[in-house]
Amino acid sequence: MKFYDCGKRVLSGALVMTMALGLVGCGGTQAPAADADADVTDQETADTAKEEQQYVFKMTYDGIATGDVSSGVSVHDPSIVKDGDEYYIFGSHMSAAKSTDLLNWESIADGYTKSNPVYGQIYDVADQAFAYSGSKKSLIPTDDDGTHVWAPDVIYNEAQGLYYMYYCTTSTWNASNLCYGTSETIDGPYEWQGALIYSGYDKDTIKATDVLDYVDEEYALKHYVRNNGYNVDDYPNAIDPSVFYDADGRMWMVYGSWSGGIYLLELDPQTGLVIHPQADPDNNVDAYYGKRLLGGGHKSIEGPYILYDEASGYYYLFVSYGVLTSAGGYQVRVFRSETPDGTYVDMNGAYPTIDDDHQLFGLKLTGNYKLPSLDKAYMATGHNSALVDDDGKMYLVYHTRFNDGGEGHSPRVHQMLVNKDGWPCELPYQTQGETVSAEGYDASETVGRYFVINQGTDISSDIANPKILYLNEDGSVVGRESEGTWSAQDGAYYMDITIDGETYQGVFCAMKDEAGTDVMTFSAVGANKSVWGVSYGQ
């Protein structure tokens with residue numbers, strides 16, 4: 001490891017007083033010492049003056065341009081897939097968009113209409129597709145006149161030579177139906193093929209599902225039904241499916257939202273249909289719903305997505321906590337496993353069960369935050385998908401809202417770099433084609449004044465706002481109320497930083513902020529928290 005030393009910064013007395021005339025960073029011009037006769041009236045003022053002679057901690061974005069944070073489309077719950085040189089995201093409410101650069105998106109479908117070019121065929125078979133849930137005419141009807149098709153995920157089925165779309169129809173907060181459709185082309189139309197998994201039934205409506213084909217009625221009525229209603233604490237809401245191939249070519253579907261938690265089922269790669277397992281209660285395996293991976297007790301956990309990264313050898317399970325509204329604390333967490341069916345654990349080697357306070361579990365990658373160049377804070381960043389691109393770059397894809405008083409949302413794509421311990425670190429700004437330097441960065445690029453945020457582990461409407469920290473060449477970290485150390489690994493982009501006794505392992509990466517300004521950034525994780533830093537070279 002290497003440490004950098006550029007000594008202490010000394011500012012003029014006038015700058016100490018005004019705190020608004022610029023920033024002095026490593027490699028910059030050193031100002032003369034402050035006036036020794038400065039008017040200091042008490043010890044507290046003296047200590048503050050001494051501190052500010054060395055560093056500038058005032059939070060100001062003066063001179064930093066802001067950028068447009070709109071992607072041009074609104075796709076909720078975006079699930080990404082690449083086809084040729086184009087990227088596609090498919091989302092709830094029959095929306096979809098495409099892009100060539102992961103930054104600018106073109107809408108290709110949106111809304112519940114028969115003319116929808118991607119999903120519209122579903123209305124030709126509405127009596128089948130919405131037989132159980134998703135419309136006012138369903139067995140379990142919606143409480144409005146509309147239809148509800150949520151959270152699709154598209155995968156190319158290699159055996160069939162077709163694109164498969166897995167999605168859900170839903171009527172209530174627990175009555176849902178996982179379904180699938182197929183298409184010869186990625187942009188559809190997807191033809192409805194059948195229903196896969198049901199939830200939200202009672203002792204009578206269960207007979208309209210396929211549940212009793214896999215478990216006997218006595219078992220189902222004892223476990224799946226409680227007080228003549230669906231047992232939402234122990235069994236899943238059948239929504240939010242995502243499908244993946246593992247390293248051995250086996251096919252899996254992870255799904256679930258709140259209710260009984262996140263579940264996993266194996267699929268037949270030849271047909272794309274569910275392989276119902278043998279029950280194994282000791283390992284949380286149910287004969288109908290599959291294996292429970294995380295959660296339960298109707299705590300906030302949803303939008304699961306599993307990504308296999310060949311480079312690290314890990315399967316990463318991403319989920320969202322909180323409520324999806326702007327003030328609901330929506331956020332992305334990640335767990336990992338060396339096998340597709342778990343056990344998935346966080347940085348503490350643990351995972352949430354029904355009885356746990358789930359906000360303590362899972363590495364929080366992103367929540368509510370504000371950074372320089374953003375004219376408004378990102379809020380409720382969640383329901384993500386992920387992608388390892390052809391060049392090995394790893395991306396996190398999610399929708400975000402903003403602290404603008406509304407509930408409008410926009411998809412975002414951020415590159416992730418895996419730290420030396422195998423945990424993904426999300427880069428602070430949306431991707432604009434940045435490529436990390438495999439050999440690392442020089443002291444002149446990494447030492448200096450940073451805007452730093454800590455995502456914490458809370459689930460709330462609070463915004464992670466930046467504070468000023470200096471990464472000095474002698475390996476010290478200095479802030480107005482914080483201190484610590486940092487180091488960079490020779491010949492690599494890996495870095496470590498300790499702030500107020502907590503250590504984070506991460507990465508440096510030069511990139512552009514939302515306004516297109518060149519910045520040096522770091523992203524580091526530790527104790528299930530993410531810390532981001534952005535430097536403008538001052």
**Request:** Please identify every one of the chymotrypsin sites (Phe, Trp or Tyr not before Pro) in segment 171-220 that sits in a loop by DSSP and has no more than 14 other beta carbons within 10 Å of its own beta carbon.
**Result:** TRP173
**Asked** Starting at 0 and stepping by 5 Å, how many percent of the alpha carbon pairs of segment 200-324 end up in each bin?
**Response** 2, 11, 19, 22, 21, 13, 7, 3, 1, 0
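For the chain, what ratio Rg/Rh do Cα atoms give with a Kirkwood hydrodynamic radius? Show your work: numbers first, answer last.
Numbers: Rg = 25.4 Å, Rh = 24.6 Å.
Radius of gyration over Kirkwood radius for the chain works out to 1.03.
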**Request:** Mind checking segment 444-538 for GluC sites (Glu not before Pro) that DSSP puts in a loop (not H, G, I, E or B) and that have at most 13 other Cβ atoms within 10 Å?
**Result:** GLU481
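What share of the DSSP beta bridges in the chain is antiparallel, in percent to the nearest 5? Could you put the intermediate results ahead of the total?
Details: 133 of 136 bridges.
Here the antiparallel bridges make up roughly 100 percent for the chain.
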**Item:** In sequence order, calculated HN-Hα J values of segment 257-274 (Karplus, 6.51, -1.76, 1.60; Hz; x Gly/Pro)
**Value:** 8, 6, 6, x, x, 9, 10, 10, 10, 7, 10, 7, x, 6, 10, x, 9, 5
**Prompt:** Can you work out the FRET efficiency for the pair ASP233 and LEU360, with r the C-beta to C-beta distance and R0 = 22 Å, to the nearest 0.05?
**Reply:** 0.65
**Computed label-point distance, nm, for sites THR113 and ASP518 using a 7 Å Cα→Cβ extension** = 4.6
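Count neighbours as other Cβ atoms within 10 Å of each site's Cβ, and list the GluC sites (Glu not before Pro) in segment 128-232 that are DSSP loop with at most 16 such neighbours. The partial results should precede the final answer.
Values: sites: GLU158, GLU184, GLU191, GLU217, GLU218; in loops: GLU158, GLU184.
Answer by residue number: GLU158, GLU184.
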**Complete:** Here the residues of segment 509-532 lying in the modelled label zone of SER444, meaning backbone nitrogen under 19 Å from a point 7 Å along Cα-to-Cβ, are 509-511, 518-521
**Angle in degrees between helix 43-54 and the longest Cα principal axis of the chain, rounded to the nearest 10** = 80
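For n ≥ 4 DSSP H runs only, could you compute -39500 (n - 2.57) per run for the chain, divide by its residues and tell me the 222 nm figure to the nearest 500?
Numbers: 5 runs with 33 residues, N = 538.
So the calculated ellipticity at 222 nm is -1500 deg cm²/dmol.
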**Prompt:** Under a plain spin-label model, where a point goes 7 Å from the Cα along Cα-to-Cβ, how far apart in nm are ASP204 and THR485?
**Reply:** 7.0
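With every protein chain kept in place and ligands, DNA and RNA left out, what is the accessible area per residue of the chain? Probe 1.4 Å, answer in Å². Could you put the intermediate results ahead of the total?
On the way: 21100 Å² over 538 residues.
About 39 Å² of surface per residue is accessible.
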**Prompt:** So for segment 253-332: antiparallel DSSP bridges make up what percent, rounded to the nearest 5?
**Reply:** 95
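The values are calculated or read from the model by the stated rules, or taken from the named source; none is laboratory data. Treat the numbers as computed from the prediction; the structure is a model and nothing was measured. All Cβ positions, even for glycine, are placed from backbone atoms using ideal geometry, and neighbour counts span all protein chains on display. These accessible areas exclude ligands, DNA and RNA; they are computed on the full protein's heavy atoms, side chains included. Shrake-Rupley method; radii C 1.70, N 1.55, O 1.52, S 1.80 Å.
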